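In what follows, a structure is listed as structure tokens, so that the remarks can point back to it.
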Amino acid sequence: MILSKDSPLSVKWRTIHRMIPWLAEFLANCRPNKVAHIIDALSVLLAHAESGLMPLIEAANALDLIRRRGCLYLYSTEKGYKEAYSGILARQERDVSLQEVSAHEIHDLEPCLQPIFHKGVLFDQAFQFLSPGKLMERLVENFIANGGTFIRDDVKTIEPNGTEDVRICHGENELQASKVVVAAGAHSKALLPSFSSRTPLDTERGYHLMLNAEKTSLSRPVGWAEKGFYMTPLDQQIRIAGTVELGGLDTEYSGNVLQYLEKSAKQVLPDLGAIESRWLGFRPSMPDALPVIGQLPENRNVILAFGHQHVGLTLGGITGKIVASIVNGEKLSLDIAPYSPQRFS
């Protein structure tokens, strides 16, 4: 059999071949001592997530885009809950505010859900953004109002230019800067050719469906833990998002994943309507589940801030504060060694 380079099977084989080193690193980080280190390092950032975000949200007059009703993680079987208990305990040990809820309490909180859940966990202090898109717009507007310049263009490369400046090639133009922050998520490696081979950044592709919810409702984000997806109420729609697919940036949608999400969501919310939109997001993922935050080893005028996986928006504020301190040469309030760009060298 001869495969063309663009045939579906050939694309899948190239994806598998490319992912082998990443998966080897990932499995190495699944050892108990490594997992404990990762939990501790990530919990430091998460503990400062709200204090990093709130000043930005307030400055952008975007408090109306927040709803604080908590978030539910639900388990449909006793086995599923028991398997997740070590993770629940780890959160409690790190002072995450949560409470166990019974099947009856789940019904009281979300009466539209089918009564199939054994137990759940309510993260009572969690809040959601009612429109992430509008939040980004207001943050940009506030940035411009405070003297910032916003340029929308395709950045091709970021290169050192002598000992001081950094050259940014975008579109047909060039921009000189004394400091550059690379926070381009899953696309960050492409901007830094000399660094890309040493950075095991890849993508966990996340599928999103927007379903009509005129005949049903939720009061807060709800995750069906065993199924690996979340349902988030947004106006007259509910966004169904989740699953993990290691497929890179170029592979097409998987129809099977979309069907799985729709079928599973309607299993617990049978009155959900038709699909109104769908999209595929690229979560920038490191094999140790920790972001890359720090200065580029060969040019300290380039600051890296990517690889936040599933919590990019959540950790955007505190990451920005860290980056600002690096740019300004200030003493850091947090130890960022666990997120060092050199940890995979």
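The values are calculated or read from the model by the stated rules, or taken from the named source; none is laboratory data. Note that this is a predicted model, so its numbers are computed, not measured. Neighbour counts are summed over all protein chains in view; Cβ atoms, including those assigned to glycine, are modelled from backbone coordinates with ideal geometry.
In the set GLU262, GLU245, only one residue is touching a Lys or Arg at 6+ places or on another chain (Cβ under 7 Å) and among the charged types (D, E, K, R); that residue is GLU245.
A quick yes/no check of all residues on (1) among the charged types (D, E, K, R); (2) in contact with a Leu (Cβ under 7 Å, 6 or more places away or on another chain):
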| residue | (1), (2) |
| --- | --- |
| LYS263 | yes, no |
| LYS266 | yes, yes |
| LEU269 | no, yes |
| GLU276 | yes, yes |
| LEU290 | no, yes |
| LEU296 | no, yes |
| ASN299 | no, no |
| VAL302 | no, yes |
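When we screen ILE240, ILE322 for residues that are part of a helix (DSSP H, G or I) and either at pLDDT 95 or above or of a type in the set (Lys, Arg) (or both), the only hit is ILE322. Scanning the range 167-209 for residues that are free of Cβ contacts under 8 Å to residues at least 24 places away in the same chain and crowded, with 18+ Cβ neighbours inside 10 Å yields a count of 2. Within the set ILE116, ILE144, the sole residue that is farther than 23 Å from VAL311 by Cα, touching a residue at least 60 places away in the same chain (Cβ under 8 Å) and surrounded by fewer than 14 Cβ atoms within 10 Å (Cβ to Cβ) turns out to be ILE116.
Let's see how each residue does on (1) in a strand (DSSP E or B); (2) of a type in the set (Ser, Thr, Tyr); (3) modelled with pLDDT under 90; (4) closer than 30 Å to GLU83 by Cβ:
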{"residue": "VAL244", "(1), (2), (3), (4)": "yes, no, yes, yes"}
{"residue": "LEU261", "(1), (2), (3), (4)": "no, no, no, yes"}
{"residue": "GLU276", "(1), (2), (3), (4)": "yes, no, no, no"}
{"residue": "ARG283", "(1), (2), (3), (4)": "yes, no, no, yes"}
{"residue": "LEU290", "(1), (2), (3), (4)": "no, no, no, yes"}
{"residue": "ILE293", "(1), (2), (3), (4)": "yes, no, no, no"}
{"residue": "ALA305", "(1), (2), (3), (4)": "yes, no, no, no"}
{"residue": "LYS331", "(1), (2), (3), (4)": "no, no, no, no"}
{"residue": "LEU334", "(1), (2), (3), (4)": "no, no, no, no"}
